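One structure is given here, and the rest of the page talks about it.
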Amino acid sequence: MRMMAIVRRVFKQMLRDKRTLALMFLAPLLIMTLMYFLFQNNTTQLASLGVHHVDQSVVNVIDTKNVTIHHYDSSQARKMIKQHDLDGYLTQKNGQLTITYSNSNPTNTSLIKASLQSGLVKLKMKTLVTVTKKQRAALESQQAALKKLTAAQTQATVTKLKTAIAQAQARGDQATAEKLQKQLKQATATTSSSTQSAKATSYTTKSHYIYGSSDSTFFESFLPAFLGFFVFFFVFLISGVSLLNERTTGTLSRLLATPIRRSEIIMGYLIGYGGFAIIQTVLTVVFTITVFKIHLVGSIWLVFLTNLLLALVALTLGIFISTFANSEFQMIQFIPLIVVPQIFFAGLVPVDGMASWLQAIAHIMPLYYGANALTAVVTKGAGLGDIGVNLLILVGFMVVLTMLNIVGMKRYRKV
Amino acid sequence: MATDYVIAKQVSKHFGHQQVLNQIDLTLPAGMIYGLIGPSGAGKTTLIKSILGMEAVDSGTVKVMDTVMPNRAVMAQVGYMAQSDALYETLTARENLTLFGQLMSVPKIKLAQMIDYAAGLVDLTSQLDKRVSGYSGGMKRRLSLAIALIQDPQLLILDEPTVGIDPELRQQIWTELNKLKDTGKSMLVTTHVMDEAERCDYLMLIRHGIALAEGTPAALKQQYAVDTIEQVFLKAGRMQDANDGNR
Ligand SMILES: Nc1ncnc2c1ncn2[C@@H]1O[C@H](COP(=O)(O)OP(=O)(O)OP(=O)(O)O)[C@@H](O)[C@H]1O
Ligand SMILES: [Mg+2]
């Protein structure tokens, strides 16, 4: 079969080209690793904060994970910051806290700001908790007194009723005895219910995270989009350049001097490079999940499927664009035009918040659909039904571009 | 009457304002080596591509194997060697031959045998498993010729097949081409080498897209009253320029 001959050739050529293979398979892992460390919560950064005459309770609650605290004797913030090269200086007059930032390093400024703020909130909570505790203690003692009272009362009623019943039975007055028996039951029932309500007073709060966890990072939330982007970028580049090579070395027109169909060449390319795209996807996804312990909520198969479709779109787009390039250099020139803008519409910036004309642009970008689907699967566990529309649109892109490519090859052979 | 493998009638073609082919008629019967000669840029390659259906013609018709071109299926019966080598450099010669053999629908069981045959013809048998990127210019040319022969076609269209090939091997190749001719195959060959032109059964001299002269080498020499094809070439050219000047 002619198409399979093309597929085999693509595979052989790729396997011989170790550099390209390495680029395709290792570069995404390398970049992912870099990004992982770059976007990790930065715990090593330390801001220095000078304090003067501040209540110990306040100093105690300032988070010292990112802020080191130094005590000084002067209230002159400016002078002390300059003298000791501090990032901030905190002073207190009665209930009023005053903070002065050096602000030579905005990151450190925000570190102090955050620590101080969370510290103050913590402090407020603490006071609130102590107040509540006191109130509860008071309430509980009241309740206990009340309970004792009710119990005593019930006891009295019960004994009273019991003697009444005995008297009534002795008298042979059955009706009255039954009525009293009912009252007795009611009296005992109230006691038990009052003990129940006394129990349910302590509340606990437990937090649940629907998406991600409390330590979700930037890396994790944008990982799906980048997964899609890498596949898109490398497949676009490699397929585009290789078809361009076929064109410039004359092998394409030589191929078309055989009885092969134009569609068989394109399909051979799709299958051949699609195969490598699958390997790349599997490698990258498995690597990020196992090494970085990324939590994948949805199905890994849907991730593979979406990435494969993205790769096929990139493949057909690369082949299509390559017809407008006359050299590899010109092919590279299309990357900032065609590929890079797509990353902006892949979820890094929320598309909903964009100007309407930008939103329109987003909707002609394959990566917008692919990254949306990937993000939905990875972080929200979306199923095939949820991302079906996105996948169909990707298929649409692929079909249209494939048609264009097949027609475009008429330049080299009229049939 | 023997069948005609190629019948081109009144083929015209232009690129931009340039008339590259001007009402060319060409008939190639079975069992003939047909030579196309003419200066660089005369339109030889364009004529060949028009015959193969790879170039759209403005007017005129081309039939190959009794089929109106362009036609995809007929390609399997034509062995084509392009003017510039179009080979997959990262693959070995054998892999190149295998690929084109598969594309030309050579049966699987015959493929190995055909590869040996084609490689033997161009003396590449010992180099078959070397990557093409390590080939010399002449070796690449020979591999291109072997690819054209891979499906043992009835019609060979060879665009300057012997460029960069040493004299000894060139002799050998022409001997083989003559053997193929004797089995009823036909060849359409372009060349700039005049002693090769002398070996053709029939010649067409193209200049500025016009078929200036055609006939057997002997008839042409007689017609122009010269001793060699080279002199025919030069004399016909001068006469064309003189005619253009008179107009
Ligand atoms: N794709 C093209 N676009 C524009 N002009 C072309 C194209 N291909 C060929 N030509 C022009 O057509 C003319 C004939 O070219 P062609 O390649 O047929 O010449 P040739 O006879 O094969 O020459 P050579 O012996 O050097 O191979 C040339 O003047 C060339 O500039
Ligand atoms: Mg030529």
Value at 222 nm in deg cm²/dmol, rounded to 500, when DSSP H runs of n ≥ 4 in chain A each add -39,500 (n - 2.57)
-24000 deg cm²/dmol
Quick one: give the max-minus-min coordinate of the C-alpha atoms of chain B along each principal axis, largest first, in Å.
60, 40, 37
Starting from the 7 Å offset along Cα-to-Cβ, what nm value, one decimal, do you get for the label separation of A:LYS133 and B:ALA73?
9.4
If you consider only alpha-carbon coordinates, what radius of gyration and Dmax does region A:47-191 have, in Å?
32.8, 101
Once a ≥ b ≥ c are taken as the square roots of the eigenvalues of the Cα gyration tensor of region A:218-411, is the result rounded (a/c under 1.5), prolate (a/b larger than b/c) or oblate (a/b not larger than b/c)?
prolate
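Contact order normalised by length for chain B, with contacts defined as Cα pairs under 8 Å and 6 or more residues apart; what percent is it? Please list the in-between numbers first.
Details: 454 pairs, mean separation 62.5, N = 247.
So the answer I get is 25 percent.
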Nothing charged except the Cβ atoms of Lys and Arg (+1) and of Asp and Glu (-1): what's the magnitude of the dipole of region A:218-411 about its Cα centre? Round to the nearest 20 debye.
480
If you take the beta carbon distance between A:SER75 and A:ILE335 as r and set R0 to 45 Å, what does 1/(1 + (r/R0)^6) give as a FRET efficiency, to the nearest 0.05?
0.20
Just tell me, in residue order, which DSSP H segments of chain A are both 30 angstrom or longer along the helix axis (alpha-carbon based) and at least 0.0 in mean Kyte-Doolittle hydropathy.
A:218-249, A:262-291, A:300-322, A:384-408
Dipole size in debye (nearest 20) for region B:53-195 around its Cα centre, Lys and Arg Cβ +1, Asp and Glu Cβ -1?
380
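Taking region A:3-106, which chymotrypsin sites (Phe, Trp or Tyr not before Pro) meet the DSSP loop condition and have no more than 15 other C-beta atoms within 10 Å?
Values: sites: A:PHE11, A:PHE25, A:TYR36, A:PHE37, A:PHE39, A:TYR72, A:TYR89, A:TYR101; in loops: A:PHE39, A:TYR72.
Answer by residue number: A:PHE39.
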Given the options A:THR306, A:THR107, A:THR20, which has the most mean-square fluctuation in a GNM of chain A, springs set between C-alpha atoms less than 10 angstrom apart?
A:THR107
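Give me the accessible area per residue for region A:218-411, probe 1.4 Å, as a whole number in Å².
On the way: 7470 Å² over 194 residues.
Here the per-residue accessible area is 39 Å².
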State, in angstrom, two size descriptors of the protein assembly as shown derived from its alpha carbons: Rg to one decimal place and Dmax to the nearest whole number.
43.7, 163
Considering the dipole of region A:218-411 built from charges on the beta carbon (Lys and Arg +1, Asp and Glu -1) around the Cα centre, which of A:LEU305, A:PRO366, A:THR323 is farthest to its positive end?
A:THR323
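Sorted by mean Cβ packing within 10 Å, highest first, what order do the peptides A:232-245, B:29-42 take?
On the way: A:232-245: 23.8, B:29-42: 19.4.
Going by the mean number of other Cβ atoms within 10 Å, highest first, we get A:232-245, B:29-42.
Taking both sides together, what accessible area is buried at the A/B interface, probe 1.4 Å, expressed in Å² and rounded to the nearest 100? If you can, show how the numbers build up before the last one.
Numbers: alone 24300 and 11810 Å², together 33600 Å².
The buried area between A and B, both sides summed, comes to about 2500 Å².
Mind checking the dipole of the protein assembly as shown: about its Cα centre, +1 per Lys or Arg Cβ, -1 per Asp or Glu Cβ, Debye to the nearest 20?
Numbers: 63 positive and 43 negative charges, 822 e Å.
For this selection, approximately 3940 debye.
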Too long at a 29 Å Cα-Cα cut-off: which of A:LYS18/B:LYS140; A:LYS93/A:LYS126; B:LYS44/B:LYS140; A:LYS82/A:LYS126?
A:LYS82/A:LYS126
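In terms of solvent-accessible area of protein heavy atoms at a 1.4 angstrom probe, what is the ranking of B:LEU212, A:LEU309, highest value first? Spell out each step's value before the answer.
Details: B:LEU212 50, A:LEU309 25 Å².
Accessible-area ranking of B:LEU212, A:LEU309, largest first: B:LEU212, A:LEU309.
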So for the pair B:HIS14, A:ALA156, with labels modelled 7 Å out along Cα→Cβ, what separation do we get in nm?
12.5
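What fraction of the DSSP beta bridges in chain A is antiparallel, stated in percent and rounded to the nearest 5? Write out the running numbers ahead of the final one.
Numbers: 6 of 15 bridges.
Close to 40 percent.
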Average partner coverage of B:94-105, which counts Cβ from other chains inside 10 Å:
5
Divide the volume of the convex hull of the Cα atoms of region B:98-227 by its number of residues and quote the answer in cubic angstrom per residue.
132
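Give a quick list of trypsin sites (Lys or Arg not before Pro) in region A:260-320 that DSSP marks as loop, anything other than H, G, I, E or B, with at most 14 other Cβ atoms within 10 Å.
Values: sites: A:ARG261, A:ARG262, A:LYS293; in loops: A:ARG261, A:LYS293.
Those that pass, being in a loop and sparsely packed, are A:LYS293.
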Tell me which of A:VAL67, B:ALA76, A:ASN390 sits at the most positive position along the dipole axis of the protein assembly as shown, charges placed on C-beta atoms (Lys, Arg +1; Asp, Glu -1).
A:VAL67
Would you mind computing Rg(Cα) / (2.2 N^0.38 Å) for region A:116-166, counting N as its residues?
2.21
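In region B:86-157, which trypsin sites (Lys or Arg not before Pro) are in a loop and have at most 15 other Cβ atoms within 10 Å, using DSSP for the loop call?
Details: sites: B:ARG94, B:LYS108, B:LYS110, B:LYS130, B:ARG131, B:LYS140, B:ARG141, B:ARG142; in loops: B:LYS130.
Here the trypsin sites (Lys or Arg not before Pro) that fit, given the DSSP loop and packing criteria, are B:LYS130.
The values are calculated or read from the model by the stated rules, or taken from the named source; none is laboratory data. Since this is a predicted model, take the numbers as computed values, not measurements. Methodologically, a virtual Cβ is constructed for each residue, glycine included, from the backbone with ideal geometry; neighbour enumeration extends over all protein chains shown. Each accessible area value is taken on the protein alone, full model and side chains, heavy atoms only, with ligands, DNA and RNA left out. Shrake-Rupley method; radii C 1.70, N 1.55, O 1.52, S 1.80 Å.
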